[in-house]
Amino acid sequence: MASFSKAIFAVCNAPKKIPHIQLTPKPSSEKRSTAQDHGLLSTPLHLLTDSETNYANTITRDDDDICFLHALKLDVFRHVLRKLGEEAIEGLNMIDAVQRLGIDHHFQEEIDQILQKQHLIITSGSAHGADHHSDLHEVAVRFRLLRQQGYFVPDDVFEKFKESDGSFKQMLSEDIKGLMSLYEASQLSIEGEDTLDEAGQFSWHLLNTSLSHLDHHQARVVGNTLSNPHHKSLATFMAKNFFSTNSRGMNNRWLNILQEVAKTEFSMVQSLHQKEIVQISKWWKELGLAEELKFARDQPVKWYIWSMACLTDPNLSEERVELTKPISFIYLIDDIFDVYGTLDELILFTEAVKRWEIGDIEHLPDYMKICFKALHDMTNEISSKVYQKHGWNPLHSLRKTWGSLCTAFLVEAKWFKSGHLPKAEDYLKNGIVSSGVNVVMVHIFFLLGQGITKESVELLDETPAIISSAAAILRLWDDLGSAEDENQDGHDGSYIRCYLNDHQGCSIEDAKEITTNLIAEEWKRLNKELVSPNPFPVAFTNASLNLARMVPLMYSYDQNQRLPSLEEYMRSMLYETESV
């Protein structure tokens, strides 16, 4: 039982049900960003808070039994992982499986030990490396898992699969499993890695071509790989497909055990998320902003989704709840700038946030006074909690990031209220800040409380690439969605609009392709951070990656301006009784 996390015990008090939450389509003419309303999760708040008494469940004998049995299953699989992980390919497949199921936080020590040995296979040279391991699947999976773990593995490990003229061998077209692994590995490319880029194009073409002659199951597996490569997808969302699409041919020595672990884990974590939603909804109701500011959106569940996606470890329950609070203010302040405030009022509000003096807001209109005081109190409260728990007062950094966000919002307000379209480069530079990602990641850093030093805080205050690349991915994905929306009013701008204005005669298709290429380049910068020395903890890096992975779910609109992938994600995480 010593190895069983505190979150699993906490979840025994969690709710067994969650009220139905209506999913509604988004109005079509609205700019979309981290701070924008997607029309999803418009939850009648009383359904959550009034039902709270139903969640005051005491721990039953059944709850105790579930917790105890799950702890035993974890220990059994941990033992199997240590034993079978000694076999090179078996260890790789097991790590891949637990990561795809989103339960790798239980086995980090074992994963670290296995991957250290796997890294030696590459670094020890031809005796154990290039001459001995020629299986494409094994080489590609090893490459991907090591890079995800922070090891820099050169892409020349794939040279053995090339012809003398430098092209990949066509005989690989018959190795569907190897091609899928190669495609997955190519998603971790960084700038200048031509071999990985070629590998991605080569494997994508052959896999896409293969779809026409594969059986239904194989075609489903290949299609899922092409659409949702693991590195750029949320494991918690894709886990439900794992056993139905990836289990054929896997070793039943451990697969059945893993499935039992995953099923119980999903149920317990789902209950934990439901309990956290109740806490957030209670906080939002008691805050009273929805009553005092009638224009404010009343969507605590939607705000929580970002926290749930970024911080996946069950142990981070308190951090998810606290993170949702600043996220709610990003939405609220964005509404003030985009919808409600006059330009003169927005200038005064921005100045007030940058000064951060609660006694110096008398010149603000009442609705801004209410918002600023709530922001001020919430930020001071979080700062106090971080100081008490981790010994560092983050107030200066939090104030700075709120000031930067409001300044970026104000720049956009001036642009678009005047009808002026900025240069695309200037728009994106400002849009990285106005996305709200920096606010989210700064709060995550201090809430995690790991690696807080003068050096890391100074780097954090300068918006490092681990943050700016995730923000650029969000902003550009957002603007691709805006370009798809034929009902856009045209007053809110987007990177594509700015680019078209800069390049007269360029087609919207070409502008969209350029935007897509920019997203790919930002992913390469984000990938580089995985294997570059920096003072940030792994949990922080993973949060940034998960934020970037969440973006396609938040911005992939269908013809009815709905978000089917996000709706499916919500159902699987909060409503469905069994997801794996």
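Testing ARG253 on (1) open to solvent by less than 50 Å² (accessible area, probe 1.4 Å); (2) in contact with a Leu (Cβ under 9 Å, 6 or more places away or on another chain); (3) modelled with pLDDT under 90, one condition comes back false. Which one is that?
Answer for ARG253: the failing condition is (1).
Could you please find all residues in the range 213-229 being open to solvent by 90 Å² or more (accessible area, probe 1.4 Å) and either closer than 25 Å to TYR569 by Cα or at pLDDT 95 or above (or both)?
Here is the first cut: in the range 213-229, the ones open to solvent by 90 Å² or more (accessible area, probe 1.4 Å) are 213, 216, 220.
HIS216, ARG220 - these are the residues of the range 213-229 that are open to solvent by 90 Å² or more (accessible area, probe 1.4 Å) and either closer than 25 Å to TYR569 by Cα or at pLDDT 95 or above (or both).
Please go through the range 197-206 and pick out each residue that is open to solvent by less than 60 Å² (accessible area, probe 1.4 Å) and over 13 Å from PRO229 (Cβ atoms).
ASP197, PHE202, LEU206
Can SER167 be described as polar (S, T, N, Q), modelled with pLDDT of 95 or more and more than 20 Å from ALA520 (Cα to Cα)? Working first, answer last.
Numbers: polar (S, T, N, Q): yes; modelled with pLDDT of 95 or more: yes; more than 20 Å from ALA520 (Cα to Cα): yes.
Criteria met by SER167.
Taking the range 170-197 only, how many residues are under 23 Å from GLU522 (Cβ atoms) and in contact with a Ser or Thr (Cβ under 8 Å, 6 or more places away or on another chain)?
6
All but one of (1) within 29 Å of THR379 (Cα to Cα); (2) touching a residue at least 60 places away in the same chain (Cβ under 8 Å); (3) under 23 Å from the mean Cα position of the chain (by Cα); (4) assigned to a helix (DSSP H, G or I) hold for TYR427, so report the exception by its number.
In the conditions (1) within 29 Å of THR379 (Cα to Cα); (2) touching a residue at least 60 places away in the same chain (Cβ under 8 Å); (3) under 23 Å from the mean Cα position of the chain (by Cα); (4) assigned to a helix (DSSP H, G or I), TYR427 misses (3) alone.
Being open to solvent by 50 Å² or more (accessible area, probe 1.4 Å), at pLDDT below 90, under 25 Å from VAL433 (Cα atoms) and charged (D, E, K, R) narrows it down to one of ASP298, ASP360, so name that one.
ASP298
Out of THR407, THR401, I need the residue that is among the polar types (S, T, N, Q), at pLDDT 95 or above and over 22 Å from SER456 (Cα atoms). Which one? Can you show your working first?
Values: THR401 fails: over 22 Å from SER456 (Cα atoms).
After ruling out the rest, the residue left standing is THR407.
For the subset of the range 135-166 comprising residues that are farther than 22 Å from GLU529 by Cα, of a type in the set (Asp, Glu) and assigned to a helix (DSSP H, G or I), which member is most open to solvent (accessible area, probe 1.4 Å)?
Residue satisfying both the conditions and the ranking: GLU159.
Restricting attention to the range 430-467, and to residues there that are free of Cβ contacts under 8 Å to residues at least 12 places away in the same chain and in a helix (DSSP H, G or I), which single residue is surrounded by the fewest Cβ atoms within 10 Å (Cβ to Cβ)?
Residue satisfying both the conditions and the ranking: LYS454.
Residues in the range 118-134: is at least one small (Gly, Ala, Ser), at pLDDT 95 or above and farther than 21 Å from GLU529 by Cβ?
No, the range 118-134 has no match at all.
Considering only the range 408-424, state which residues are within 24 Å of the chain's Cα centre (by Cα) and among the aromatic types (Phe, Trp, Tyr).
Selection gives PHE409 alone.
Could you figure out which of (1) open to solvent by less than 20 Å² (accessible area, probe 1.4 Å); (2) touching an Asp or Glu at 6+ places or on another chain (Cβ under 7 Å) isn't true of LYS169?
(1)
Output the number of the condition that GLY200 fails; it satisfies all remaining conditions of (1) at pLDDT 95 or above; (2) in contact with an Asp or Glu (Cβ under 9 Å, 6 or more places away or on another chain).
So GLY200 meets the others, but not (2).
Could you name every one of the helices (runs of 4 or more DSSP H) located completely within the range 285-352 that has at least 3 residues being among the polar types (S, T, N, Q) and within 27 Å of the chain's Cα centre (by Cα)?
Details: elements: 289-292, 300-310, 317-335.
Those helices (runs of 4 or more DSSP H) span 317-335.
Of the conditions (1) open to solvent by less than 50 Å² (accessible area, probe 1.4 Å); (2) on the phi > 0 side of the Ramachandran plot, GLU184 fails just one. Which one is it?
(2)
Just checking: which of the helices (runs of 4 or more DSSP H) contained wholly in the range 481-580 hold 2 or more residues that are more than 30 Å from GLU265 (Cα to Cα) and either modelled with pLDDT under 95 or open to solvent by 40 Å² or more (accessible area, probe 1.4 Å) (or both)?
Because the criterion is at least 2 residues that are more than 30 Å from GLU265 (Cα to Cα) and either modelled with pLDDT under 95 or open to solvent by 40 Å² or more (accessible area, probe 1.4 Å) (or both), the helices (runs of 4 or more DSSP H) in the range 481-580 that meet it are 495-502, 508-530.
Rundown of residues vs (1) part of a loop (DSSP other than H, G, I, E, B); (2) of a type outside the set (Asp, Glu), yes/no style:
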residue	(1), (2)
ASP65	no, no
LYS83	no, yes
GLU86	yes, no
ILE89	no, yes
ILE111	no, yes
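For the range 399-418, which positions are open to solvent by less than 70 Å² (accessible area, probe 1.4 Å) and either acidic (Asp, Glu) or free of Cβ contacts under 8 Å to residues at least 24 places away in the same chain (or both)? Quick ask: steps written out before the conclusion?
Filtering the range 399-418 down to residues open to solvent by less than 70 Å² (accessible area, probe 1.4 Å) leaves 401-413, 415-416.
The answer is VAL411, GLU412.
Check off (1) open to solvent by 70 Å² or more (accessible area, probe 1.4 Å); (2) closer than 17 Å to VAL141 by Cα; (3) β-branched (Val, Ile, Thr) for THR209 and give me the number that stays unchecked.
Of (1) open to solvent by 70 Å² or more (accessible area, probe 1.4 Å); (2) closer than 17 Å to VAL141 by Cα; (3) β-branched (Val, Ile, Thr), only one is false for THR209: (2).
So PRO422 ticks every box in (1) surrounded by fewer than 22 Cβ atoms within 10 Å (Cβ to Cβ); (2) in a helix (DSSP H, G or I); (3) at pLDDT 95 or above but one. Which box is left unticked?
Going through the list (1) surrounded by fewer than 22 Cβ atoms within 10 Å (Cβ to Cβ); (2) in a helix (DSSP H, G or I); (3) at pLDDT 95 or above, PRO422 breaks only (2).
The values are calculated or read from the model by the stated rules, or taken from the named source; none is laboratory data. For clarity, every value in this text was computed on a predicted model and none was experimentally measured. Virtual Cβ from ideal backbone geometry, glycine too; neighbours counted across all protein chains shown. Side chains are part of the model used for accessible areas, which takes the heavy atoms of the whole protein and leaves out ligands, DNA and RNA. Shrake-Rupley method; radii C 1.70, N 1.55, O 1.52, S 1.80 Å.
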